[in-house]
Amino acid sequence: MSTIVDLPPPVAESPSPNDLKIRGAGRSLQPLFAIFFGLSVAGVAATAIQMVADGGQVLKVGPALFTLAADRSHLLLHDTPPGRRCLYALLTIVRSAPLLVILWNLQDLFDRFGKGEVFSRAAANAVRAVGIWLILDAAAAQAWQVILTGRLVVESRVQGLWEPALGVVVIVAALMMRAGREIEEDREGIV
């Protein structure tokens, strides 16, 4: 004959000092990244509108995206036809999309940290998304070079490699967060 024993409900553990630090950092950094995201969206929108409206008197387009510098490799946007300015405005929005998605995912990640969700699947997915979009941003930079110059520009410096390398590191960190979540779930399942 079997005996049924009622176990008391588990007592909620109080957050550790590290958990409290992570929550505090998350609550501090989430609004900062939300502001960065908002300012970036406004900046991209303002640039695209300026490009379509009249191209500006000093805005130039070239291999280094847009600049105010007087470089011969850049074309004064004001001198280009309106159709081409619209195309450049669309390309600016597309080229800026990875940065905007990265900022959005970072504010979401720190929001989760502020709520104590450090090893949640959603937090790991946000970290993974940042890594993927870092790699996509590096690819977008190369695509931008091809669109504007008609040739692939291979960076001979470390600058062209840091973004994809950081993206890979961040994706690995996301995998570690998922493994940490599995360990946490296994620990909670032991009676």
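Taking a label point 7 Å from the Cα of Glu13 along the Cα→Cβ vector, which residues of the stretch 107-148 have an amide N closer than 16 Å to it?
116-120
What are the ³J(HN,Hα) values, in whole Hz, obtained from phi via the Karplus relation 6.51 cos²θ - 1.76 cosθ + 1.60 with θ = phi - 60°, for each residue of the stretch 168-182 in sequence order, with x given for Gly and Pro?
These are the phi-based 3J(HN,Hα) values: 5, 4, 5, 4, 5, 4, 5, 5, 5, 5, 5, 5, x, 5, 5 Hz.
Among Asp108, Asp54, which comes first, second and so on when ranked by fewest other beta-carbon atoms within 10 Å?
Final ranking by Cβ density, sparse to dense: Asp54, Asp108.
Note down the net charge around Gly167, summing +1 for each Lys or Arg and -1 for each Asp or Glu among other residues with Cβ under 13 Å from its Cβ.
Cβ neighbours under 13 Å give a net charge of -1.
Note the full-extension length gain between Arg84 and Ala179 as 0.36 nm times their separation in residues minus their Cα-Cα distance, in nm to one decimal.
Computed gain between Arg84 and Ala179 is 29.3 nm.
State, to one decimal in nm, how far the label point of Ile93 lies from the label point of Ser28, with both points 7 Å from Cα in the Cβ direction.
Reported label-point gap for Ile93 and Ser28 is 3.7 nm.
What list of ³J(HN,Hα) values in whole Hz, one per residue of the stretch 104-111 in order, does the Karplus curve 6.51 cos²θ - 1.76 cosθ + 1.60 (θ = phi - 60°) give from phi, with Gly and Pro shown as x?
Here the 3J(HN,Hα) series is 4, 5, 5, 5, 5, 4, 5, 5 Hz.
No value in this document is a laboratory result; all are computed from the given coordinates. Here the structure is a predicted model, which is why all the values come from computation and not from measurement. Ideal geometry is used to build each Cβ from the backbone, glycine not excepted, and the neighbour counts take in all protein chains shown.
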